[in-house]
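The values are calculated or read from the model by the stated rules, or taken from the named source; none is laboratory data. Note that this is a predicted model, so its numbers are computed, not measured. All Cβ positions, glycine included, derive from the backbone under ideal geometry; neighbour counts span all protein chains shown. Note: accessible area is taken over every heavy atom of the protein model, side chains too, but ligands, DNA and RNA are not part of it. Shrake-Rupley method; radii C 1.70, N 1.55, O 1.52, S 1.80 Å.
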Amino acid sequence: LLAERRCEAMVVITSGVGSRVLDAARRTAAESGLRIAGVLGKPFTMDEVKAFLSRHSGPVARPRVPVRDQAEPTEEELRSGLDHGELVLAFQPKVRCEDGALAGFEALVRWDHGGTIIYPDRFIPLAERTGLIDQLTEVVLRDAVRWLATHFAEAHVAMSVNISARSLSAHELGDRIFDECRANGLDPARLILEVTESSAMHDPHRSLELLTRLRVRGFHLSIDDFGTGFSSMVQLVRLPFSEVKVDKSFVMELARSQESRAVVRSIVDLAASLGLRSTAEGVEDAEALAYLREVGCTLAQGYYIARPMFSEAALAWAREWKGLA
């Protein structure tokens, strides 16, 4: 009811029902758009209330609510955008947890549609429905490979690119990516192809065949959003991944949720036991990064390190970045 009435007050959730239920209530309220200052379990003393209010007296950012009143793009507009080079890449840095050294970037596609930046959640499903996803994937891979080869030819910097479930059914995808790398003098081992568990399950047999071919070619494979699906463990064993990417929903809750900390530790330990790298996305504060260091996570990315940036800003950031203390 508070959310429906667009309540602007900062809300404290308090109850004696237990920490896990309180934490679920906090997440529910925050996802509804309320400004949640925090959770206070009962019973509590006056001193605890004063300490709580002192810790939470600063401004609390209101969650960003998706804009729903914009007209949805059409197939013709997307096709035209692809043909006229309107799909552009933003790059989000990935750094080593142990010292903050730059390890790579993730290429994130954006659509510059008449000066308005459209984010992928509004056009990737359209591309998949209309059969444009293969063309879009090729554009992203081509531009990501060329950018890395041009600006980081000698550096040990990798590039991560997301692959759609639809593209995993394209038998010739591996050859096209390999040819692009060879044409630009880029070692395929510097390209990390991120695949969600649901993508891999779209056509399990074909996915296994293609992903194995990609690994044989030298590319690295990352299972994205790990920990959110019912068969993640099966996929991790069945498919030739080299990296596990911890879902940001766990990482963003590290400072507030004991359960999220336990899940992240377990995933990092599992990856290490299988000889895989672990990457945590959604790192938004120093406390989360400190915990990731403590549990031995390999790489981190998130707003605390840097937001996604277009080419020139990303290059400037890389020149100035000195690592983390």
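Details
- Charge dipole (debye, nearest 20) of the chain; +1 at Cβ of Lys and Arg, -1 at Cβ of Asp and Glu: 880
- When the chain is treated as a Gaussian network with alpha carbon springs shorter than 10 Å, the biggest mean-square fluctuation among Leu40, Leu82, Leu292 belongs to Leu40.
- Helical content alone sets the calculated 222 nm signal of the chain at -12500 deg cm²/dmol, taking -39,500 (n - 2.57) per DSSP H segment of four or more residues and averaging over every residue.
- Potential lengthening between Arg146 and Phe44 on full extension [0.36 nm per residue; Cα-Cα distance subtracted]: 30.9 nm
- The stretch 119-190: GluC sites (Glu not before Pro) in DSSP loop, at most 12 other beta carbons within 10 Å: Glu154, Glu172
- Backbone HN-Hα couplings from phi across the stretch 151-156 [Karplus 6.51/-1.76/1.60, Hz, Gly and Pro as x]: 9, 9, 4, 9, 8, 8
- Split the chain at each of the trypsin sites (Lys or Arg not before Pro) in a DSSP loop with at most 12 other beta carbon atoms within 10 Å, and the longest piece is 69-321.
- The antiparallel fraction among DSSP beta bridges confined to the chain stands at about 35%.
- Residues in the chain average 52 Å² of solvent-accessible surface per residue, probe 1.4 Å, ligands and nucleic acids excluded.
- Once the C-beta distance of Arg182 and Asp83 is scaled by a Förster radius of 35 Å, the resulting FRET efficiency is 0.85 to the nearest 0.05.
- Accessible-area ranking of His220, His151, largest first, probe 1.4 Å: His151, His220
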